[in-house]
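See structure below.
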Amino acid sequence: MGVVAELILIRHGQSLANVAFPAADARGLLEAEVSGRDAEVPLTELGVEQARALGVWLATLPAPRRPEVVVTSPYLRARETWRIAAEASGVPWPDPRTDDRLVDRLLGELEMLTRAAVAARFPGEAARLAEAGVWEYRPPGGESFADIRARLASFLADLHREHAGRRVAVVAHDSVVLMTRAVIEDLDWAELAAVEKASGNVRNASVTRFVDDGGGALKLDRYNVIDHLPPA
């Protein structure tokens, strides 16, 4: 079976939750200044600007390098990032489709809770996390990073089968970018921790790119790059 010619992984632009939860956690608050379902969290004004900058970068790609297939997470922040980027580029793109396997990490009963709220409502979770470890810990009703890895392995297998030899862009979340790299490079947890230590968290509107190595596998070209964004 062949592989896609190129895979560009894009994290969505800054979302309201990306701002509200760190602020609430820093103050030990039980509530963050964002409500509703995680799937419906919108972009901030900065996130919109990041998406536009992403579109300007996409427009610089020569025609033979432009994605031929676009797949996004069904979450609002990912869909909006691509919509805004595509409009800002001024270039025609294929209609995007969504795939439920590209959702952000499912936190189950802990979804949209601050750290203080988790500690208050689920006092046993800290011990469960410590026992299982970051990568294997599964929140009540949620999923572990191992679970994310499994769904992305399925997604990639289908992507290669359906779009072998084509250039694909995926717009999703930090956990998706990180765990897609784990699947492609067959990284264990220690190696994945080393990636995070060396490169930091996957940044908003960052670009990660894999290319066909000519031998039926993908190789990393760039990871977590934000050179296309304006200075913070």
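The residue pairs whose first member lies in segment 205-216 and is in contact (Cβ under 8 Å) with a residue 24 or more places away in the chain, whose second member is open to solvent by less than 10 Å² (accessible area, probe 1.4 Å) and in a loop (DSSP other than H, G, I, E, B), and whose beta carbons are closer than 9 Å, counting only pairs six or more residues apart or on different chains, are Ala205/His12; Ala205/Gly13; Thr208/Val202; Phe210/Val4; Asp212/Val4.
Do the conditions hold for Asp212, that is, is it surrounded by 18 or more Cβ atoms within 10 Å (Cβ to Cβ), modelled with pLDDT of 95 or more and in contact with a strand residue (DSSP E or B) (Cβ under 9 Å, 6 or more places away or on another chain)? Full working, then the answer.
Numbers: surrounded by 18 or more Cβ atoms within 10 Å (Cβ to Cβ): yes; modelled with pLDDT of 95 or more: yes; in contact with a strand residue (DSSP E or B) (Cβ under 9 Å, 6 or more places away or on another chain): yes.
For Asp212, the condition - surrounded by 18 or more Cβ atoms within 10 Å (Cβ to Cβ), modelled with pLDDT of 95 or more and in contact with a strand residue (DSSP E or B) (Cβ under 9 Å, 6 or more places away or on another chain) - is met.
Being surrounded by fewer than 20 Cβ atoms within 10 Å (Cβ to Cβ), in a helix (DSSP H, G or I) and either small (Gly, Ala, Ser) or over 18 Å from the mean Cα position of the chain (by Cα) (or both) is true for just one of Val48, Val56. Which residue is that?
Result: Val56 is the single residue among Val48, Val56 that is surrounded by fewer than 20 Cβ atoms within 10 Å (Cβ to Cβ), in a helix (DSSP H, G or I) and either small (Gly, Ala, Ser) or over 18 Å from the mean Cα position of the chain (by Cα) (or both).
When Ile8 is tested against (1) of a type in the set (A, V, I, L, M); (2) crowded, with 18+ Cβ neighbours inside 10 Å; (3) in a loop (DSSP other than H, G, I, E, B), just one condition goes unmet, and that condition is (3).
Return yes or no: is Leu106 closer than 26 Å to Trp82 by Cα, touching a residue at least 24 places away in the same chain (Cβ under 8 Å) and either basic (Lys, Arg) or open to solvent by 40 Å² or more (accessible area, probe 1.4 Å) (or both)?
Numbers: closer than 26 Å to Trp82 by Cα: yes; touching a residue at least 24 places away in the same chain (Cβ under 8 Å): yes; either basic (Lys, Arg) or open to solvent by 40 Å² or more (accessible area, probe 1.4 Å) (or both): yes.
Judged against the criteria, Leu106 is a match.
Taking the condition of being open to solvent by less than 50 Å² (accessible area, probe 1.4 Å) and in a helix (DSSP H, G or I), how many residues in segment 19-45 meet it? Qualifying residue count, segment 19-45: 6. Tell me yes or no: at least one residue of segment 63-76 is in contact with a Gly (Cβ under 8 Å, 6 or more places away or on another chain), surrounded by fewer than 21 Cβ atoms within 10 Å (Cβ to Cβ) and closer than 20 Å to Val225 by Cα. There is no residue in segment 63-76 that is in contact with a Gly (Cβ under 8 Å, 6 or more places away or on another chain), surrounded by fewer than 21 Cβ atoms within 10 Å (Cβ to Cβ) and closer than 20 Å to Val225 by Cα. One residue stands out among those in segment 115-146 that are touching a residue at least 40 places away in the same chain (Cβ under 8 Å) and assigned to a helix (DSSP H, G or I): the one that is surrounded by the most Cβ atoms within 10 Å (Cβ to Cβ), which is Phe145.
Which residue out of Glu33, Glu87, Glu68 is modelled with pLDDT under 95 and of a type in the set (Asp, Glu)? Before the answer, list the steps.
Values: Glu87 fails: modelled with pLDDT under 95; Glu68 fails: modelled with pLDDT under 95.
Only one candidate passes the filter, namely Glu33.
Of all residues being among the acidic types (Asp, Glu) and in a helix (DSSP H, G or I) in segment 171-186, which is surrounded by the fewest Cβ atoms within 10 Å (Cβ to Cβ)? Just the residue, please. Looking at residues that are among the acidic types (Asp, Glu) and in a helix (DSSP H, G or I), I get Glu185. Residues in segment 84-119 that are polar (S, T, N, Q) and farther than 13 Å from Val171 by Cβ: 2 in all.
The values are calculated or read from the model by the stated rules, or taken from the named source; none is laboratory data. Worth saying up front: this structure is predicted, and the values here are computed from it rather than measured. Cβ sites come from the backbone with ideal geometry, for glycine too, and all protein chains shown count toward neighbours. Remember, those area values only see protein heavy atoms, side chains included, never the ligands or the DNA or RNA. Shrake-Rupley method; radii C 1.70, N 1.55, O 1.52, S 1.80 Å.
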